[in-house]
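First up is the structure itself, then whatever we jot down about it.
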Amino acid sequence: MKIAFATSECVPYVKTGGLADVGGALPKALAQAGCEVKVFLPLYGSISTLDHELILAEELRNIQVRIGSQLVAVNIWYGKLPQSQVAVYFIDCPHYYHRPHPYTNDPDEDERFILLQHTVIQILQRYNWAPDIVHCNDWHTGLLPALLKLNYNWDHLFSATACILSIHNIGYQGRFGRESVGKAGLPYDQYYPGGPLEFDDSFCFLKTGIMYSEIISTVSETYAHEIQTAAYGAGMEGVLAARSSDLSGILNGIDTEVWNPQKDKLIPHRYSARSLARKKKNKQALLEQAKLPFDEDVAVLGIVTRLTKQKGIELLQPIIHEVMQLPLQIVALGSGEKELEDFLKWAALTYKDKFSACIGYDNELAHLITAGADMFLMPSLYEPCGLNQMYSLNYGTVPIVRKTGGLADTVKDYHEYYGEGNGLAFNDFTPHALYLTILRARDLFQNKQTWHEIMQRGMRQDFSWQASAKRYIELYKKAKVRHADL
Ligand code: ADP
Ligand code: GLC
């Protein structure tokens with residue numbers, strides 16, 4: 001099967017969150033399962049063509065792409081995802097993509113991703129490469145299904161092409177003014193209250209994707225149910241419920257070449273479930289780096305996160321004083337909203353021997369925290385899939401999570417009576433519920449035998465991409481059938 005995979009982020013080139021991990025790993029897993037995959041991505045200013053050994057596509061030099069009434073010139077670079085046969089095409093247009101961050105609040109944010117999507121189609125046409133599936137991810141690529149069906153339906157190249165939209169986060173919808181419909185080149189007659197392009201008086205890229213894709217997926221089964229409810233749907237619940245029979249959840253995998261305690265080159269001491277003494281050495285190294293005293297019997301709770309409301313770090317605020325009275329240290333790494341950054345900085349100043357905060361984005365430290373901490377905290381308000389809890393499980397670092405989305409599907413609360421569970425999970429999004437769970441974690445941590453068993457259960461699980469890639473291929477087949485039915 002031929003898959004065109006369009007994304008706004010992809011490891012190792014550009015990453016702001018888990019979408020990048022998926023963009024780097026799923027195409028590889030699909031290729032291993034026998035698919036031919038091409039990935040499409042903007043060439044952001046931060047991506048070095050030299051470091052990644054990218055090649056300028058001479059035959060695609062200076063192609064002209066229409067955004068509304070203007071023609072924009074773009075170049076295309078290409079390379080291969082490391083250790084794979086997956087081709088990656090980079091859309092090069094400094095005017096749009098050389099900005100301080102991959103995402104902006106600039107008034108032409110819509111144009112930046114309209115350009116990406118029209119260019120994807122042009123590249124496919126120029127290479128005469130007919131994909132079986134165009135796999136879109138989040139709002140940035142949500143217009144592709146509509147463009148193929150409404151604007152490029154004259155092109156026989158795409159007559160057998162079906163689309164799937166993967167929703168990684170319903171909180172980001174790509175909503176713009178009506179005039180943006182014209183910039184995208186889509187027909188205005190599809191924009192009317194309640195129409196396929198319109199949502200809440202805006203032109204909504206995500207809704208457009210939901211309406212025109214044959215199949216919609218999201219990144220965990222629980223989240224697939226949640227987003228059809230008012231509490232989690234961010235207004236899109238009705239639109240999704242109407243397409244319920246075409247919506248399913250597939251849990252992300254993790255790249256076990258990168259997030260594997262036996263192979264991890266970014267941690268000082270590699271280990272496995274059979275050499276957990278070496279994990280303790282990582283704890284020592286972590287505390288040394290965090291400038292906190294080491295005590296084997298004091299549990300280290302790790303946090304690595306974007307600091308947004310989604311991640312629930314605010315729950316820690318009202319209980320931090322009580323938590324800091326426990327035999328527990330916290331090492332937090334994150335960046336994002338100022339208020340949350342300030343809280344972490346304040347806690348580090350106030351609880352000098354117990355709390356360490358690193359504000360910023362630091363992949364190496366993220367690996368060290370995952371390996372060196374005893375526990376890992378993810379009290380998310382919502383979490384489509386979540387990768388850090390799976391990394392933690394793989395590293396024998398016991399996750400403490402709120403039971404939502406992918407967290408609910410991967411972390412099973414420890415059950416004393418049955419002796420089951422790989423972590424701790426709580427339901428209510430309240431500081432009190434979190435506090436009670438941290439108390440339980442403290443008690444369990446003191447019972448070395450039980451704790452060891454919980455760690456081992458996590459480390460024995462298989463979170464590799466193979467199983468998920470197989471499920472995507474099933475979904476692709478379903479999308480093809482839907483397309484043929486149209
Ligand atoms: P989301 O995509 O919502 O941020 P995920 O759990 O799916 O959540 O993925 C987050 C990814 O980003 C993980 O790979 C995590 O290690 C990484 N990450 C998040 N914040 C930071 C940070 N401050 N420094 C380094 N890595 C981070
Ligand atoms: C989003 C979600 C996260 C998910 C990631 C990759 O960023 O917030 O839960 O793991 O996408 O699918």
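The values are calculated or read from the model by the stated rules, or taken from the named source; none is laboratory data. Keep in mind it's a predicted model, so treat the numbers as computed, not measured. Neighbour counts run over all protein chains shown; Cβ positions are idealised from the backbone, glycine included. For accessibility, only protein heavy atoms count, side chains too; no ligands or nucleic acids. Shrake-Rupley method; radii C 1.70, N 1.55, O 1.52, S 1.80 Å.
Among the listed pairs 280/311; 15/183; 291/354, which are separated by more than 18 Å between their Cα atoms? Mind showing how you got there, number by number?
On the way: 280/311 27 Å; 15/183 27 Å; 291/354 10 Å.
Among 280/311; 15/183; 291/354, the Cα-Cα distance tops 18 Å for 280/311; 15/183.
Please figure out what share of the DSSP beta bridges in the chain is antiparallel and state it in percent, rounded to the nearest 5. Given both bridge residues lie in the chain, the antiparallel proportion sits at roughly 30 percent. In terms of accessible area, using a 1.4 Å probe and ignoring ligands and nucleic acids, 482, 274, 460 rank largest first as 274, 460, 482.
When a/c reaches 1.5 or more, the comparison of a/b and b/c decides; with that in mind, is the stretch 254-324 rounded, prolate or oblate per its Cα gyration tensor? Oblate is the answer for the stretch 254-324, as a/c is 1.5 or above yet b/c matches or exceeds a/b. Peptide packing for 375-383, 42-50 was compared via the average number of neighbouring C-beta atoms within 10 Å per residue; ordered from the highest value, the list is 375-383, 42-50. For the set 13, 78, the ranking by accessible area, highest first and with no ligand, DNA or RNA atoms included, is 78, 13 under a 1.4 Å probe. Applying 0.36 nm per residue to the separation of residue 352 and residue 154 and subtracting their alpha-carbon distance, the gain on full extension is 64.7 nm. Ordering 367, 348, 316 by Cα displacement along the dipole of the stretch 276-385 toward the positive end leaves 367 in first place; charges were set at the Cβ atoms of Lys, Arg (+1) and Asp, Glu (-1). Apolar share of the accessible surface for the stretch 276-463: 51 percent from carbon plus sulfur atoms, 1.4 Å probe. If only the Cβ of Lys and Arg carry +1 and only the Cβ of Asp and Glu carry -1, the dipole of the stretch 276-463 around its Cα centre is close to 300 debye.
Could you work out the local net charge near residue 40, counting Lys and Arg as +1, Asp and Glu as -1, over the other residues with Cβ closer than 15 Å to its Cβ?
Every neighbour counted, the sum reads +1.
If you plug the beta carbon distance of residue 433 and residue 61 into 1/(1 + (r/R0)^6) with R0 = 56 Å, you get a FRET efficiency near 0.45.
At full extension, residue 229 and residue 324 could sit 30.5 nm farther apart than now, given 0.36 nm per residue minus the alpha carbon distance. Computed with every protein chain present, the accessible area of residue 111 is close to 30 Å² [probe 1.4 Å].
Here residue 125 and residue 466 are evaluated by their C-beta separation; at R0 = 41 Å the FRET efficiency comes out at 0.80. Electrostatic tally near residue 132: other residues with Cβ closer than 10 Å to its Cβ, Lys and Arg +1, Asp and Glu -1, net +2. The orientation-averaged projection of the convex hull spanning the C-alpha atoms of the chain amounts to 22.3 square nanometres.
Using the Cα gyration tensor of the stretch 233-384, with a ≥ b ≥ c the square roots of its eigenvalues, what is the shape: rounded (a/c below 1.5), prolate (a/b larger than b/c) or oblate (neither)? Oblate, because a/c is 1.5 or more while a/b does not exceed b/c. Solvent-accessible surface (1.4 Å probe) assigned to residue 470 amounts to roughly 140 Å².
For the chain, the solvent-accessible area with a 1.4 angstrom probe is 40 square angstrom per residue. If you average the sequence gap of Cα pairs under 8 Å that are 6 or more apart and divide by the length of the chain, what percent do you get for the contact order? Across the chain, relative contact order equals 13 percent.
Sort the stretch 276-463 into rounded, prolate or oblate with this rule: let a ≥ b ≥ c be the square roots of the eigenvalues of the Cα gyration tensor; rounded if a/c is under 1.5, and if a/c is not under 1.5, prolate when a/b is larger than b/c, oblate otherwise. Cα axes put the stretch 276-463 in the rounded bin.
Here the spin labels are modelled as points 7 Å beyond Cα on the Cα-Cβ line, and at residue 70 and residue 280 they lie 6.3 nm apart.
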